[in-house]
Amino acid sequence: MEKVPTLNKKLIDWVKLMAKLCAPERIVWIDGTDEQKLKLEKEAVAQGELIRLNPEKLPGCFLHRTAHDDVARTEHLTFICTKNKQTVGPNNNWMSPASAYRKAKAIFKGAMRGRTMYVIPFSMGPVGSNFSKIGVELTDSRYVVLNMLIMTRCGEAVLRQLDKGNEFTKCLHSKAKLDIKKRLILHFPEDNTIWSVNSGYGGNVLLGKKCLSLRIASFIARKEKWMAEHMLIMGVEEPNGHIEYVVAAFPSACGKTNLAMLVPPEGLKIKGYRIWTLGDDISWMRVDSDGSLWAINPESGFFGVAPGTNSIANPNMVATIKKNTIYTNVLLKTDNTVWWEGADGEVPSQGVDWKGQAWKPNTKDAEGKVIKGAHPNARFTTAIANCPSASFRIEQHHGVPISAIIFGGRREHVAPLVYEAFNWQHGVFVGATMGSELTAAQVGKIGQVRRDPMAMLPFCGYNMADYFKHWLSMGKTMAKPPKIFHVNWFRTDEQGKFLWPGFCENLRVLEWILDRVNNKVNALETPIGYLPYPFDIDLTGIKLVSGAMEKLLKVEKEEWLEELKGIHKFFSDFKKDLPRELWDEYFILVEKLKQYGK
Ligand code: GTP
Ligand code: SPV
Ligand code: MN
């Protein structure tokens, strides 16, 4: 082994043991210096792992292409491995630790032969904060190292924490042969360990992200009485200069990134709102001594969806990704810049698509489908610090106090534009019954509605029935619990067109939410919750088609009764584990709906 820059004996022993298993040619410790980063970039370019993009137009930017069958999280190959199967619930795939380790060891054996094993010490959350957790990822992928350098705080400062003998999550990754048939994403929460093999796709391999900060963290959070959630964190600065902080849980590719860095729309400019971005994907929250819920973002970067990102939908992101960004599975243009469906400017007349093939617009494949330049789940990795709306509180160890929790899904029908839960328990029911249409962020049937409680279905590291109990009990520990809301930007008319303009205009809904938080407006009580009076949503400067607002705010009794059948089935899968409070809320809602509109 080369020089070992830590005093943490456990870490040294574990690295040795894993190196023995994977048999790399050499071991390199990541120190977080620019010098080392530049060296890795150079090597990655030489090896064909990265393509250096136009240094004038996109300084410090690179393109990476994954294997064709390695473009999104593979939930069916993702397992939680605990002694007892009951621990993981019906929402997770389970394997016993013994058989998981046995299976994976056979795949990891010699998998790094001829390669370098990188040791990445990283902190999720500001280094040294009581909120933060440390991990160490071993990987044979330079792409993973370069992404982790953006997504997490890593290197020297974390090693100094580890010197004190701090605990850390043991994360092992190997690309191996990128063989989907031998791909495994394994979590061992009882051992604080993650093993991932035969993938090179973000959510499967940047182990600090979904694997540690949600699956392992949610498991720990339940025991330590805090919350690890799939949520954006943002501050809304009000016209008087006061900032309210909110979190929002939307399923993958349903608008967290866009909302987190919203630029106020023309029509509301005069009011002087300003948005501060803290995070676009993950929130860790604790109840503090003031009785409020406080949140930090464990990440330091965005791993955002490229398609649809443009100066109208998300100008702050367009500004952020102009430098020091890694693009994955986008189209390469002839001037060595990049493009994706829905990007700014003209559609290029030619380029190289995400599969590395020559591309022209409107070319069709053998089945007659138009070939896309970028994969629908193409992404970019970029630092939050480079975002023009980055909050000045990102590095604060204590995070920010949360006034509202917003749930939301992608629903053509059923869910209105916005509604407020009656109280915490009802809010937990609203979160637990969330549904959303599937997107390209996971391998599966796009468009199909699935229940995705709190946007955590793929990320809750234990039985979701216990997770609901945890949510209920967290509410009891707060003197000042945030109010809970549900939003839906995706409701459509009879022709399938979005009824709500969305994107920057969503500030109009946030304004109503904050008015409710501060008891400034009344609301209409309906069976599902409090809905806005249409005149309380400021529509200055936009024109909706006639009748749109009524449709957006309509509670359709029959649709809801139908929806409840799906919820009944979903709840029933948890058998007697489901907390009684959620069944109570369910039956209250059924009764209220039956009476509604009579
Ligand atoms: P993950 O990173 O996968 O967790 O997702 P995310 O929730 O951060 O997703 P993101 O913000 O990148 O949303 C991506 C998709 O949502 C794109 O297709 C956007 O065009 C669409 N989208 C975001 N906001 C809106 C909106 O207000 N209205 C409509 N119609 N679409 C939106
Ligand atoms: C998601 O799918 O929710 C993401 C992207 O945020 S990944 O990190 O790949 O999970
Ligand atoms: Mn996500």
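The values are calculated or read from the model by the stated rules, or taken from the named source; none is laboratory data. Keep in mind that this is a model prediction, so the values were computed, not measured. Glycine also receives a Cβ, built like all others from the backbone with ideal geometry; neighbour counts cover every protein chain displayed. For accessibility, only protein heavy atoms count, side chains too; no ligands or nucleic acids. Shrake-Rupley method; radii C 1.70, N 1.55, O 1.52, S 1.80 Å.
Taking the stretch 209-237 as the range and being in contact with a strand residue (DSSP E or B) (Cβ under 7 Å, 6 or more places away or on another chain), charged (D, E, K, R) and more than 20 Å from Met148 (Cβ to Cβ) as the test, the residues that pass are Glu229, Glu237.
Only one of the numbered conditions (1) surrounded by fewer than 21 Cβ atoms within 10 Å (Cβ to Cβ); (2) within 16 Å of ligand 1 (Cβ to nearest atom); (3) assigned to a helix (DSSP H, G or I) is violated by Asp515, and that is (2).
Pairs linking a residue in the stretch 79-97 that is free of Cβ contacts under 8 Å to residues at least 60 places away in the same chain to a residue that is of a type outside the set (S, T, N, Q) and in a strand (DSSP E or B), with Cβ atoms under 8 Å and 6 or more positions apart or on different chains, are Lys85/Trp94; Asn93/Phe79; Asn93/Ile80; Trp94/Phe79; Trp94/Ile80. With respect to Leu507, is the statement that it is touching a Pro at 6+ places or on another chain (Cβ under 6 Å) and open to solvent by less than 30 Å² (accessible area, probe 1.4 Å) true? For Leu507, the condition - touching a Pro at 6+ places or on another chain (Cβ under 6 Å) and open to solvent by less than 30 Å² (accessible area, probe 1.4 Å) - is met.
What tally of residues in the stretch 255-298 results from selecting those that are farther than 17 Å from Val509 by Cβ, within 16 Å of ligand 2 (Cβ to nearest atom) and either assigned to a loop (DSSP other than H, G, I, E, B) or at pLDDT below 95 (or both)? Summing the residues that are farther than 17 Å from Val509 by Cβ, within 16 Å of ligand 2 (Cβ to nearest atom) and either assigned to a loop (DSSP other than H, G, I, E, B) or at pLDDT below 95 (or both) in the stretch 255-298 gives 5.
Of the strands (runs of 3 or more DSSP E) lying entirely inside the stretch 155-254, those carrying at least 1 residues that are crowded, with 24+ Cβ neighbours inside 10 Å and within 16 Å of ligand 1 (Cβ to nearest atom) are 227-229, 232-237, 243-249. Among residues of the stretch 418-440 being of a type in the set (Gly, Ala, Ser) and part of a loop (DSSP other than H, G, I, E, B), the one that is surrounded by the fewest Cβ atoms within 10 Å (Cβ to Cβ) is Ala440.
Of the residues making up the stretch 342-351, one or more are over 30 Å from Glu237 (Cα atoms), modelled with pLDDT of 95 or more and either within 19 Å of the chain's Cα centre (by Cα) or surrounded by 16 or more Cβ atoms within 10 Å (Cβ to Cβ) (or both).
Among the conditions (1) within 16 Å of ligand 3 (Cβ to nearest atom); (2) touching a residue at least 60 places away in the same chain (Cβ under 8 Å); (3) assigned by TED's automatic domain parsing to the domain that holds Lys476, Pro265 misses just one, which is (1).
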